[in-house]
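Undergrad: One structure, as structure tokens, below. Some questions next.
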Amino acid sequence: MVEIFINDKKFKVAKNTKLLDTCKKNNIYIPTLCYHPDFPGFAGCRLCVVEVRKKNESKLVAACEYPIRSIERFYTESEMVKKSRRMTAKLLIARAPEAKEILEEIINEKIEPEFDTLNVQNKRCVLCGLCYRLCHKQGTAAIYTAGRGADKVVQTPYKDANEDCIGCGSCVAICPTGAIRMIDSNGKRALWYHQFELLKCPICGEQHITNQMLLYEMQKTGLSETELSICPRCRREKMGQEMLRGICHEKIVTVK
Amino acid sequence: MKTLFLLCGDVGCRGYESRQVYDKFLELKADWFDIKFTGCQGLCANGPILQVKPGDIFYQKVKSSDVFEILEKTQKNELVERLLYTDSETKKRYIRTDQVPFYKKQTKIILRTNGLINPKSIDDYIAMGGYAGLKKALTLQPENIVDEILKSGLRGRGGGGFPAGRKWEDVFNAFETPKYIICNGDEGDPGAFMDRSLMEGTPHVVLEGMTIAAFAVGSNEGFIYVRDEYPIAVRNLQKGIHDARKKGLLGENIFGSGFQFDIKIKRGAGAFVCGESSALMRSIEGKIGEPHEKHIHASEQGLWGKPTLLNNVETYANVPYIILNGAKNYKKMGTVDSPGTKVFSLVGKVRNAGLIEVEMGTTLREIIFEIGGGIVKNRPFKAVQTGGPSGGCIPSEYLDLPVDFDSLKAVGSIMGSGGMIVMDDCDCMVEVARYFTKFLMEESCGKCAPCREGLVQVYRILEGITQGRGSLEDLRKLKELGEYIASSSLCGLGRSAPNPLLSTLRYFEDEYIDHIKNKYCVAGVCKVLTKFEINIVKCTKCGLCFKACPVDAIKILDDGCYKIIEENCIRCGECRSACTFNAIRW
């Protein structure tokens, strides 16, 4: 166990715990954008920076990846930290003006835009990397970043429809700024240059799953096609009924 | 005894057609002499360089048409006077290599054999005492080797100056296996060619150093990460590895000791960020070369999560010398905190541009004015940029600064891998900052927000200032952005990226203010803020500027004087560089 001080308050934590986890556990708010507990190790957005104060020098570290190893003093709301976060937010707004509200929400502060807007196509993407890291984590790996530096964009290879994309829309769901476009209409789903055919739920008839997704999930989970083609709502209903039936059956048995 | 001609065959001299000179020698091949196509001999500005042994005669700017005369006169024990090195000031001629001022002040440890041997011949290297360090190392205990490196105080030559011995010790103590050895040859700085020259000129010293390191820390597999833009380096290293394997100096059972080690070459695709250790390892693993947070050192979890020893080319090249001569002798060179020597590529507005090796602690003045021979055309010295694109600009008041890791850091620059770009009064510091920021902006991997977004904004502001659109508010923004990028970025590239900006702001703020307030570029570089004129008092009417002007903007007046027509002038500065009388003012 290591003793540390966060904002001058003493905490005891196990060695090598990440600073962000400690803060979360103790209800100390630290803004994060690119962090996700399921795929850590990125530390790209730098919004979670925290000041580490030693005798006569201070430095900023990213809380999400910083392992606690010795007695140290951390400050999560010092002027240095706030300045850095504010600047990050201002710079990100210059890239993605449409993500202003969400960034203000994250750092709990009104931001005055200071820099000229960059000439990029997607006015929402802040390049937090959640979408492609999720896509890789789930094993599909259909999207990744292309280019480097300021020209970096999240893309499919060669900006073309990618065979590996199953049209699941996980990237859309995880995106904090709503930067990825997915349109479901007339039984079709448009995502990443693809047109996916949507299959109908055999019970309610709702179009909810793409064929590629169905095949992928069958392969991953080993469940049958009929089971997977039922939409989530119907599945819940069906499971509920089955459970109910089971409980009733049990009751009948016990009553006897 | 046969006469030996050593002709430089490295990139700089090849640019001056040394290949043709070599072919001419082969054509006139006779029994009484030998010709060797060597690695870099140093004085790249005056290439192709030719040394004659015995006698150490030093010829420069040799052309293929000179070969016949050289052969004829050498046979008669005469000199070809016009090819000797001549001091442009004193007009004194130097005959022997070690008399030439460029070589006189240098201490060659790492580059000892560079320029004396055929890089492709392992026998040449062995004849110069090569692989003796490895032989001795194999008779020692691994922990003693690590201890020796620790005691020598050798610091990583890649830039950071982290004590190499401590890395070695950590990997030696690491529990997990296998362990890996990596040599970082991804030298991407514009204007730097130290590692390149070493890998091209003496590839075996790198292989030997790596093998010693592998034996010391207990590794059986090594990688050399070379950028693919260095084709000669890749070829020479491949040949070196092949030959060493054949001789039993690599592979299984090295020197019959039972120790096994092999090296693979990994070619980098030219991303600057891949010189950063964590990005480099990702790149070797086959992933995108992006850095990671380094709270866990590579010595614990490096390549494929295994303990990894990663050092620079030059660091490994130091190892055989330390093992052979002992840490005590090594420490005699250099300063207390930075022992040994350092290779620099001295370029820019300096007379003797080239590859040099000096003891740590040599002052900038000695390097630039004694070895480098001063500034071209005797213009005033303005600044020297050390450490590549992410280094800082050091002004003239620090000319007597001893060059070592800590003193450079103290004045806002870094040692880096050893680039040294000298600038005179025709270099605009705002433009220098803009140029390097542009390079870093393009080479930023784009993973973390401060480096990716911050550098773009810095670049935009700097571009604005050089085009006359700056405001004093911009200076505040620049300072704020610079400090922010330095404190908040993820990797070393980002954290040192604002150095060119911050150091020029620190030492040359007047120039920024001149650009902004007076709309005037003191160096005459920023086109919008410059106006060239001919100083009639100084003008000798020689017409050199007239000939040099690419757009015919210079007209001859009736009285024989020249005048620059402002509307036609594109402000390229060609007339200024052509004028030998400093008669062009701006």
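Undergrad: Looking for something assigned to a helix (DSSP H, G or I), within 14 Å of another protein chain (Cβ to nearest Cβ) and of a type in the set (Lys, Arg) - is there at least one such residue anywhere in the stretch B:224-246?
TA: No - not one qualifying residue is present in the stretch B:224-246.
Undergrad: Got a number for residues in the stretch B:126-144 being under 29 Å from the mean Cα position of the chain (by Cα), surrounded by 14 or more Cβ atoms within 10 Å (Cβ to Cβ) and assigned to a helix (DSSP H, G or I)?
TA: 4
Undergrad: Give just the number: which of (1) over 27 Å from residue B:240 (Cα atoms); (2) more than 14 Å from chain A (Cβ to nearest Cβ) does residue B:295 not satisfy?
TA: Condition not satisfied by residue B:295: (2).
Undergrad: With B:290, B:276, B:357, B:300 as the choices, which residue is buried (at least 16 other Cβ atoms within 10 Å of the Cβ), in contact (Cβ under 8 Å) with a residue 40 or more places away in the chain, among the acidic types (Asp, Glu) and not assigned by TED's automatic domain parsing to the domain that holds residue B:129? I'd like the intermediate steps shown before the answer.
TA: On the way: B:290 fails: not assigned by TED's automatic domain parsing to the domain that holds residue B:129; B:276 fails: not assigned by TED's automatic domain parsing to the domain that holds residue B:129; B:300 fails: not assigned by TED's automatic domain parsing to the domain that holds residue B:129.
When all the criteria are applied, what remains is B:357.
Undergrad: Next up: Based on what the data block shows, is residue A:31 in contact (Cβ under 8 Å) with a residue 60 or more places away in the chain and at negative phi?
TA: Yes; evaluated as a whole, the condition is true for this residue.
Undergrad: Residue by residue through the stretch B:350-385, note down the ones that are touching a strand residue (DSSP E or B) at 6+ places or on another chain (Cβ under 7 Å), basic (Lys, Arg) and at pLDDT 90 or above.
TA: The answer is B:382, and nothing else.
Undergrad: Give the residue, chosen from B:466, B:437, that is β-branched (Val, Ile, Thr), crowded, with 21+ Cβ neighbours inside 10 Å and in contact with a His (Cβ under 8 Å, 6 or more places away or on another chain).
TA: Going through B:466, B:437 in turn, just one is β-branched (Val, Ile, Thr), crowded, with 21+ Cβ neighbours inside 10 Å and in contact with a His (Cβ under 8 Å, 6 or more places away or on another chain): B:466.
Undergrad: In the stretch B:529-579, which residues are part of a loop (DSSP other than H, G, I, E, B), in contact (Cβ under 8 Å) with a residue 40 or more places away in the chain and touching a helix residue (DSSP H, G or I) at 6+ places or on another chain (Cβ under 7 Å)?
TA: B:532, B:571
Undergrad: Need at least 1 residues that are closer than 16 Å to residue B:448 by Cβ and modelled with pLDDT of 90 or more per element, so show me which strands (runs of 3 or more DSSP E) inside the stretch A:1-55 make the cut, counting only ones lying wholly within it.
TA: A:49-53
Undergrad: With respect to residue A:177, is the statement that it is within 14 Å of chain B (Cβ to nearest Cβ), assigned to a loop (DSSP other than H, G, I, E, B) and either hydrophobic (A, V, I, L, M, F, W, C) or touching a residue at least 24 places away in the same chain (Cβ under 8 Å) (or both) true?
TA: yes
The values are calculated or read from the model by the stated rules, or taken from the named source; none is laboratory data. Because the structure is predicted, anything quoted here is derived from the model rather than measured. Counting neighbours? That spans all protein chains shown, and the Cβs are built from the backbone with ideal geometry, glycine included.
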